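Encoded as structure tokens, the structure appears first; notes follow it.
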Amino acid sequence: MAHEVLIVDDEPDIRAQIEGILEDEGFETRVAHNSDTALAAFRARRPSLVVLDIWLQNSRLDGLGILGEMLREEPQVPCVMISGHGTIETAVRAIQQGAYDFIEKPFNSDRLLLIVSRALEAARLKRENSELKLRAGAETELVGNSQPMAQLRAAIERVAPTGSRVLITGPAGSGKEVAARMIHARSRRADGPFVVLNCATLNPGRFEEELFGVESAAADSAAAPRRAGVLERAHGGTLLLDEVADMPLETQGKIVRALQEQGFERVGGSSRVKVDVRVLATTNRDLQAEIAAGRFREDLYYRLAVVPLRTPALRERREDVPALARHFMARSAATSGMAAREIGEDALAALQAYDWPGNVRQLRNLVDWLLIMAPGDAREAIRAEMLPPEVGSAAPAMLKLDRSSEIMTLPLRDARELFERQYLEAQLLRFGGNISRTANFVGMERSALHRKLKFLGVHAEDRAPAAAAQPAASANL
């Protein structure tokens, strides 16, 4: 979406000139002529960039004073200073105080556009770098080619460009935040901020301050500056309400109004702040049950669940486990500086057989542990017996068979049947009981596999994958 630029200059013709140059290039603009109107516009809605004249007639503060106020409240907003009476000393002072650059009047329109573009790009990179430092290791792509994941990716591709609100449900650790980041990255707001508010870890008493920001009576003093909330910081981008079911009921009512009006009042303030934010939400709870219990507002649910998506549990897509394990091994090795280890087929089969109550997050943590703690040389593949007991105990019987005792004492026909039974049980477990995928892997026709399983006395429930996307909660939103 278009960047918004606040233009502050006391000369109407200069304001009009800059407005025309920027609007011709697709920017949105607002204007102010003195410090009071400039700060009021800045506080009403944070711009993407400020073009600020240093010398302002009939103004309580000059440009440098306004610069200081703005950067104290929002240090990441880039400011470009302009002046018709500039000196090298003035330019140096402006940049020392936090301005991105300085342009002398009269200015060339191409130079103005170049500096504005560079300032916006520098702000974007700085914002992304800060987010990466805060959320190091965050995944940005869903790994796996199973049918549930293919359906989920297809749903993300459809909903991402629309701007609709999305409610992402699924068990803890299944990749809900990754799905939200994919929606943002594929949306028209991809160049804007992606801000996360973790409702599960936030102190209930601080919710409204974090959401809406603070504007106290002492906001003009350095000791108590105005503070922007996450809704304001996400202007032009995406806000993720992570584990939204943990939001207090009183705050739920206020955010319903904020979503409806795309505006709010800061805590301690009285003026309305208008924002343009796409809101995504995640939860691992059944919100219909929460509504029935009186813990979640029904009107908020229908505003958030315009498009509901579901991330499947890892046990519902066992065939993705090998790709995920190898992906996490490569990432963990790169992060730690250690050599990546191969994961043997028997270990992969054991990993696929495990139910993963902690889902993808648990698998990632286990791979990190294996890289550091698994015995043997780094060049040696990780075997099933090297896995933690709780994971290895779920391995198919095929992997635990002592071939020197049990199978070697049986006649050929019985030994073959024992092998086939345990082999096919292991493969069915790997593919979540799905006959079609198991038949494709073992190289048999589906009907032939059915007959073989019946002959061997192996019960198999042919499970269909769960759908990733559900119908929209309401069309009247």
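Out of N440, N365, which single residue is modelled with pLDDT of 80 or more, more than 28 Å from A179 (Cα to Cα), among the polar types (S, T, N, Q) and open to solvent by 60 Å² or more (accessible area, probe 1.4 Å)?
Answer to the check: N440.
Considering segment 337-368 alone, what residues qualify as being part of a loop (DSSP other than H, G, I, E, B) and not charged (D, E, K, R)? Working first, answer last.
Here is the first cut: in segment 337-368, the ones part of a loop (DSSP other than H, G, I, E, B) are 337-342, 344, 354-358.
G337, M338, A339, A340, G344, Y354, W356, P357, G358 - these are the residues of segment 337-368 that are part of a loop (DSSP other than H, G, I, E, B) and not charged (D, E, K, R).
For segment 34-66, what are the residues that are in contact with a helix residue (DSSP H, G or I) (Cβ under 7 Å, 6 or more places away or on another chain), within 26 Å of V275 (Cβ to Cβ) and of a type in the set (A, V, I, L, M, F, W, C)?
Of everything in segment 34-66, those that are in contact with a helix residue (DSSP H, G or I) (Cβ under 7 Å, 6 or more places away or on another chain), within 26 Å of V275 (Cβ to Cβ) and of a type in the set (A, V, I, L, M, F, W, C) turn out to be A38, L39, F42, L49, V50, V51, L52, L61, I66.
So, P411, is that one at pLDDT 85 or above, over 30 Å from A334 (Cβ atoms) and not acidic (D, E) or not? Working first, answer last.
Working: at pLDDT 85 or above: yes; over 30 Å from A334 (Cβ atoms): yes; not acidic (D, E): yes.
Considered against the rule, which asks whether it is at pLDDT 85 or above, over 30 Å from A334 (Cβ atoms) and not acidic (D, E), P411 comes out as yes.
Let me confirm something: among Q252, Q260, which residue is open to solvent by 40 Å² or more (accessible area, probe 1.4 Å), farther than 21 Å from R188 by Cβ, at pLDDT below 95 and outside any loop (DSSP other than H, G, I, E, B)? Write out each step before concluding.
Working: Q252 fails: open to solvent by 40 Å² or more (accessible area, probe 1.4 Å).
Only one candidate passes the filter, namely Q260.
For segment 211-221, which positions are modelled with pLDDT under 90 and either assigned to a helix (DSSP H, G or I) or under 11 Å from E73 (Cβ atoms) (or both)?
Filtering segment 211-221 for residues modelled with pLDDT under 90 gives 213-221.
The answer is G213, V214, E215, A219, D220.
I'd like the full set of residues that are over 36 Å from the mean Cα position of the chain (by Cα) and either over 26 Å from E28 (Cβ atoms) or open to solvent by less than 80 Å² (accessible area, probe 1.4 Å) (or both), limited to segment 95-117.
I103, K105, F107, S109
Which pairs do you get when a residue that is of a type in the set (G, A, S), found in segment 33-49, comes within reach of a residue that is open to solvent by 20 Å² or more (accessible area, probe 1.4 Å) and part of a strand (DSSP E or B), reach meaning Cβ atoms under 6 angstrom, with the pair 6+ apart or on two chains?
A41/R30
Can you work out which of the residues in segment 370-397 that are in a helix (DSSP H, G or I) and β-branched (V, I, T) is modelled with the highest pLDDT? I'd like the intermediate steps shown before the answer.
Restricting attention to segment 370-397, the residues satisfying the condition of being in a helix (DSSP H, G or I) are 370-373, 384-386, 389-392, 397.
Next cut, β-branched (V, I, T) only: 372, 391.
Numbers: I372: 89, V391: 85.
Result: I372.
Specify the residue that is modelled with the lowest pLDDT; the eligible residues are those in segment 138-173 that are out of contact with any strand residue (DSSP E or B) (no Cβ under 9 Å at 6 or more places or on another chain), in a loop (DSSP other than H, G, I, E, B) and not aliphatic (A, V, I, L, M).
The residue in question is E139.
Which count do you get for residues in segment 304-321 that are open to solvent by less than 20 Å² (accessible area, probe 1.4 Å) and either farther than 13 Å from G173 by Cβ or touching a Phe, Trp or Tyr at 6+ places or on another chain (Cβ under 9 Å) (or both)?
As a first pass, look at segment 304-321 and keep what is open to solvent by less than 20 Å² (accessible area, probe 1.4 Å): 304-305, 308-309, 311-314, 317-318, 320-321.
If we keep only those that are either farther than 13 Å from G173 by Cβ or touching a Phe, Trp or Tyr at 6+ places or on another chain (Cβ under 9 Å) (or both) too, we end up with 304-305, 308-309, 313-314, 317-318, 320-321.
Number of matching residues: 10.
Is there a residue in segment 170-179 that is in contact (Cβ under 8 Å) with a residue 24 or more places away in the chain, basic (K, R) and farther than 22 Å from L249 by Cβ? Reasoning before the result, please.
Going through segment 170-179, the residues in contact (Cβ under 8 Å) with a residue 24 or more places away in the chain turn out to be 170-179.
Remaining after also requiring basic (K, R): 176.
Restricting the remaining residues to those that are farther than 22 Å from L249 by Cβ gives 176.
Within segment 170-179 (the criterion being in contact (Cβ under 8 Å) with a residue 24 or more places away in the chain, basic (K, R) and farther than 22 Å from L249 by Cβ), the answer is yes, since at least one residue qualifies.
Go over the candidates R317, R326 one by one and state the one that is in contact with a Pro (Cβ under 6 Å, 6 or more places away or on another chain), within 21 Å of V178 (Cα to Cα) and not in a loop (DSSP other than H, G, I, E, B). If you could, list the steps in order and put the result at the bottom.
Details: R326 fails: in contact with a Pro (Cβ under 6 Å, 6 or more places away or on another chain).
Step by step, each of R317, R326 is checked, and only R317 is in contact with a Pro (Cβ under 6 Å, 6 or more places away or on another chain), within 21 Å of V178 (Cα to Cα) and not in a loop (DSSP other than H, G, I, E, B).
So, of the residues in segment 183-199 that are more than 26 Å from S117 (Cβ to Cβ) and modelled with pLDDT under 95, which turns out to be surrounded by the fewest Cβ atoms within 10 Å (Cβ to Cβ)?
Among those residues, the one meeting the criterion is N198.
Conditions first: (1) assigned to a helix (DSSP H, G or I); (2) modelled with pLDDT of 90 or more. A94 passes all but one, so which condition is the exception?
It fails just one condition, (2).
The values are calculated or read from the model by the stated rules, or taken from the named source; none is laboratory data. All figures in this text were calculated on a predicted structure; none of them were measured in a lab. Backbone-built Cβ (ideal geometry, glycine too); neighbour counts: all protein chains shown. In case anyone asks, the SASA skips ligands and DNA or RNA and just uses the protein heavy atoms, side chains included. Shrake-Rupley method; radii C 1.70, N 1.55, O 1.52, S 1.80 Å.
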